[in-house]
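As structure tokens, the structure follows; a few thoughts come after it.
Derivation of every value follows stated rules applied to the coordinates shown; laboratory data play no part. Given the structure is predicted, the values throughout are model-derived calculations rather than measurements. Glycine also receives a Cβ, built like all others from the backbone with ideal geometry; neighbour counts cover every protein chain displayed.
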Amino acid sequence: VFSIGLPSSIATLLFDLDYIVLGTSNVFYDVNPTVIWNEAGYVGYNLSSEQAPIIINYYQLKNELKKHMPKVVFFDTSGFQYNYGKASFNQLSLDKMPLNFDKLKLIGELKEDDEKDNSITVFDYYA
């Protein structure tokens with residue numbers, strides 16, 4: 001998660017946020033905060049990751065709005081097609097979130113879906 005080449009936690013201490021981007025690989029690979037900063041002067045960051053289901057985007061946004069109040073939130077809705085996603089891709093999204101109650105609730109929801117398919121344990125999200 002970067003904004004003008006700085007980690008989001010540092011960038012938001014130095015600047016007011018203009019935007020946050022959430023979604024799937026469509027915006028993960030196509031929205032570059034450094035280019036936006038250089039060309040338009042807007043400060044923000046991209047929390048997207050590959051095949052991120054809507055439930056992950058919801059918890060990421062909920063977590064970010066506790067810390068920041070961006071002027072705009074860009075939300076890629078193609079995550080509706082992934083239901084609960086794949087465990088390996090979900091891990092990429094979870095790694096971006098601090099350990100808190102919301103993250104644990106999200107892991108519980110993802111774990112319920114994974115158990116139906118692969119018997120994934122909570123430990124798998126931290127290994």
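From the backbone phi of region 41-54, what are the Karplus-calculated ³J(HN,Hα) couplings (6.51 cos²θ - 1.76 cosθ + 1.60, θ = phi - 60°) in whole Hz, Gly and Pro given as x?
Karplus values, whole Hz, x for Gly and Pro: x, 8, 9, x, 8, 10, 9, 5, 8, 4, 6, 6, x, 4.
Count charges around PHE101 for me, please; just the other residues with Cβ under 12 Å from its Cβ, Lys/Arg as +1, Asp/Glu as -1.
+3
For LYS67, which lysines qualify as cross-link partners when the Cα separation must be under 22 Å and same-chain residues fewer than eight apart are set aside?
LYS96, LYS103, LYS105
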